[in-house]
Amino acid sequence: MKAGHGAAAQGLWLLRAALLAGVAFVPLTGLATGTEAEARQWLSRMKAAAAGGNYHGTLVFSAGGVMASSLVWHFRVGENTFERLEAQDGRQQRIYRHNDEVHTVWPQTKTAVVERRATLAAWSTTPQSVDPRAAESYDIRQEGPGRVAGREAAVLAMVPRDTLRFMQRFWADLATGLMLRADVLAADGSIVESSAFSSIELGVKPQPELVLQAMRLDDGFRVLRPQLKRTTLEEQGWQLVRPVPGFALAGCMLRGTETSAAEAPMLQAVFSDGLTHVSVFVERFNAERHSAKTQARMGATGTLSRQAGEHWFTVVGDVPIAALEQFAVALQRRR
């Protein structure tokens, strides 16, 4: 799961994603490189472009041998942000966002999940940005020129200073700073996960109604409304006793559903290093639903689950297993 790892973003943060035929990486040996200061300026440009641009394109995702594509629209009108994503493969999942209101829709089953995401960082469903504070955990370098979807780009590398995060490489549009491609790399340099626009139009005319009209669900839809409430670790009786180096707590929320009022809500704590986000979910242990400690990985996204006394922890994030292990023991019940 991406972008804060919320239910509506499941499988579709799609922005990390896909190494395309025709968007091959060319080794940059011998090309001129920029200074770290110039690389940091690019990070700032990428952050601004992700929030303010108007564009439409096709984004392709590849991880673990799976490839998928989505159509993406992003509009900014005054202080309002409008986004629309339509999966082109598998189930016809669609995501619509107007500011903090997000609808995830499955037309075939006429089911929709409606959420408000005014709570935590990194809830955007379209191209990711990088917080300049990521420089505390990564060495940043500008590697040289590149080209994606027919557009000239600057190539940046984020090289981790420890084994708790992956190396990442970005292609930023030379004219606007918008991220056109993002690769996640293993320690040996192999690509774990990649995403890229195969085509994109920048500076398009904003069409907010393209999003708002789709968000007006008819009576035939089954609408699920997860109950989200902003909170703190302290209010829920937890404390951070083993901080994971480089990661800061971005926020906490309680997650429940309309149909499970009798069941205690799940606590979600989101941590960020300015580039990567990790979610720690805490719920009451249930022997019928929870088994022994498990771990899994799909592309860059790892998941680890374990029991701790009366509670069940699930950690999800685009980090190596070593980092997931540390997050799994980071929280402790306050005495």
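The values are calculated or read from the model by the stated rules, or taken from the named source; none is laboratory data. Note that the coordinates shown come from a computational prediction; the quantities given were computed from them, not determined experimentally. For neighbour counting, all protein chains shown are included, and Cβ atoms are generated from backbone atoms with ideal geometry for every residue, glycine included.
Structure notes:
- Residue in segment 252-265 that is assigned by TED's automatic domain parsing to the domain that holds Gln326 and at positive phi present: no
Results for (1) at pLDDT 90 or above; (2) within 25 Å of Leu43 (Cβ to Cβ); (3) out of contact with any Gly (no Cβ under 8 Å at 6 or more places or on another chain), shown as yes or no for each residue.
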{"position": "Thr81", "(1), (2), (3)": "yes, yes, yes"}
{"position": "Arg97", "(1), (2), (3)": "yes, yes, yes"}
{"position": "Gln108", "(1), (2), (3)": "yes, no, yes"}
{"position": "Glu115", "(1), (2), (3)": "no, no, no"}
{"position": "Gln128", "(1), (2), (3)": "no, yes, yes"}
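- Summed over segment 273-307, residues that are modelled with pLDDT under 90 and of a type in the set (Ser, Thr, Tyr) total 2.
- Test: residue in segment 48-68 that is crowded, with 21+ Cβ neighbours inside 10 Å, among the hydrophobic types (A, V, I, L, M, F, W, C) and farther than 30 Å from Ser137 by Cα: no
- Residue check: Lys205 meets all listed conditions (1) in a loop (DSSP other than H, G, I, E, B); (2) in contact with a Ser or Thr (Cβ under 9 Å, 6 or more places away or on another chain); (3) modelled with pLDDT of 95 or more but one, namely (2).
Quick grid of which residues meet (1) among the aliphatic types (A, V, I, L, M); (2) within 30 Å of Leu164 (Cβ to Cβ):
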position	(1), (2)
Ser198	no, no
Gln239	no, yes
Leu254	yes, yes
His277	no, yes
Phe281	no, yes
Arg289	no, yes
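- Filter pass, Asp173 being over 19 Å from the mean Cα position of the chain (by Cα) and either at pLDDT below 95 or not basic (Lys, Arg) (or both): yes
- Among the conditions (1) in contact with a strand residue (DSSP E or B) (Cβ under 6 Å, 6 or more places away or on another chain); (2) under 30 Å from Ser195 (Cα atoms), the only one that His311 does not satisfy is (2).
- Scope segment 62-99; condition in contact with a helix residue (DSSP H, G or I) (Cβ under 8 Å, 6 or more places away or on another chain) and charged (D, E, K, R); matching residues: Arg76, Glu83, Arg84, Arg97
- For segment 174-192, the criterion of being within 29 Å of Gln268 (Cα to Cα), touching a Pro at 6+ places or on another chain (Cβ under 8 Å) and either buried (at least 17 other Cβ atoms within 10 Å of the Cβ) or in contact (Cβ under 8 Å) with a residue 12 or more places away in the chain (or both) is met by at least one residue.
- Any hit, segment 143-152, residues being touching a helix residue (DSSP H, G or I) at 6+ places or on another chain (Cβ under 7 Å), modelled with pLDDT under 95 and not assigned by TED's automatic domain parsing to the domain that holds Phe271: no
- Residue list for segment 217-238, filter: over 22 Å from the mean Cα position of the chain (by Cα), outside any loop (DSSP other than H, G, I, E, B) and exposed (fewer than 14 other Cβ atoms within 10 Å of the Cβ): Arg222
- Among residues of segment 265-301 being out of contact with any helix residue (DSSP H, G or I) (no Cβ under 7 Å at 6 or more places or on another chain) and of a type in the set (Val, Ile, Thr), the one that is surrounded by the most Cβ atoms within 10 Å (Cβ to Cβ) is Thr276.
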